[in-house]
Each structure stands twice: as C-alpha cells, then as structure tokens.
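The structure under discussion appears below in the form of structure tokens.
The values are calculated or read from the model by the stated rules, or taken from the named source; none is laboratory data. Note that the structure is predicted; figures quoted are calculated from it, not measured. Glycine also receives a Cβ, built like all others from the backbone with ideal geometry; neighbour counts cover every protein chain displayed.
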Amino acid sequence: MQLKANGKPLVASPSEFKVTILDLDDADSSVRTSDGKLNRDRVRVIRQIEIGWNALTGVQIKQILDAMENVFFDFTFPDPKAGGYITRKMYVGDRSAPVAFERKGVLWYKDLKFTLTEQ
C-alpha cells in the first residue's frame, strides 16, 4: 500500500489501516417526527481513516508526523468505494507515540496511532 501525504510517500507502511465512510447530516433539518420517521438531509459524504504503526525508528516517525503537521494536507490512500486510490484534503487528530526502547543509539517507537478526517 502506497500512502502519500502532500504527494510524498510515507516512509513505512502501517500495520493498521481502516477507512470509514461517514454521512454528514444537516443538524437543523435532519430530525425524527413524532411517529419515528427520519427526515434526513445528508449534506456530504466524507472519509475517516484510523491508521497505526507497530514499530518505527525516530527518523521514520518524524517523517510521518512532519508530513501531517499542517492544519490540512492532501492524503492519498486506497478507498473501498472508489475501488482504488483517491486523494482528499484531511486533518489529523491526536497523535500518540510511546517510546518502546533504544538500541545502539536509535530510538524506536511503538503503536503510533491517529485518526485522519476529511475536511
């Protein structure tokens, strides 16, 4: 799988990758009536991606985090609905990255995980 942020390939393939297709509804006009029927006004369909890596070196994790430091960035990924790769403008949520160990002067991180959401 070849993921890209701002057109540049990420240095490592993730161990976890899940695309969720979300419907965004208008909060004011999407309501249930007294008989339980839903009046729905879907305004947009977006993608949300849960992504994670088991182990990364300090160099690798820096490249991934640097690629996503802007408020919004272009992200290329395989999309189940498109049946291939698409590029969407995304933003990233909280990023956790505990240090696992240091070996021969190289820091290794485990379980880098975050969620990307389409703008």
What are the residue pairs meeting all of these: first residue in the stretch 89-103, first residue more than 13 Å from LEU56 (Cβ to Cβ), second residue part of a loop (DSSP other than H, G, I, E, B) and polar (S, T, N, Q), Cβ atoms under 9 Å, and 6 or more apart or on different chains?
-> LYS89/GLN119; MET90/GLN119; TYR91/ASN70; TYR91/GLN119
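Tell me, which residue of the stretch 24-57 that is closer than 21 Å to MET90 by Cα and hydrophobic (A, V, I, L, M, F, W, C) is nearest to the chain's Cα centre (by Cα)?
ILE49
Given the structure, is ASP66 surrounded by fewer than 16 Cβ atoms within 10 Å (Cβ to Cβ) and at pLDDT below 95?
So ASP66 fails the test.
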Top-ranked residue in the stretch 83-119 [being farther than 18 Å from LEU65 by Cα and among the charged types (D, E, K, R); ranked as surrounded by the fewest Cβ atoms within 10 Å (Cβ to Cβ)] = LYS104
Of the criteria (1) over 13 Å from ILE49 (Cβ atoms); (2) under 14 Å from the mean Cα position of the chain (by Cα); (3) modelled with pLDDT of 95 or more, which one GLY83 fails | (2)
Quick one: is ILE21 of a type in the set (A, V, I, L, M, F, W, C), in a strand (DSSP E or B), within 26 Å of ARG103 (Cβ to Cβ) and at pLDDT 95 or above?
-> no
Scan LEU10, LEU24 and give me the residue that is of a type in the set (A, V, I, L, M, F, W, C) and under 16 Å from LEU112 (Cβ atoms).
-> LEU10
Any residue at all in the stretch 39-60 that is in contact (Cβ under 8 Å) with a residue 60 or more places away in the chain, of a type in the set (Val, Ile, Thr) and farther than 27 Å from ALA100 by Cβ?
-> yes
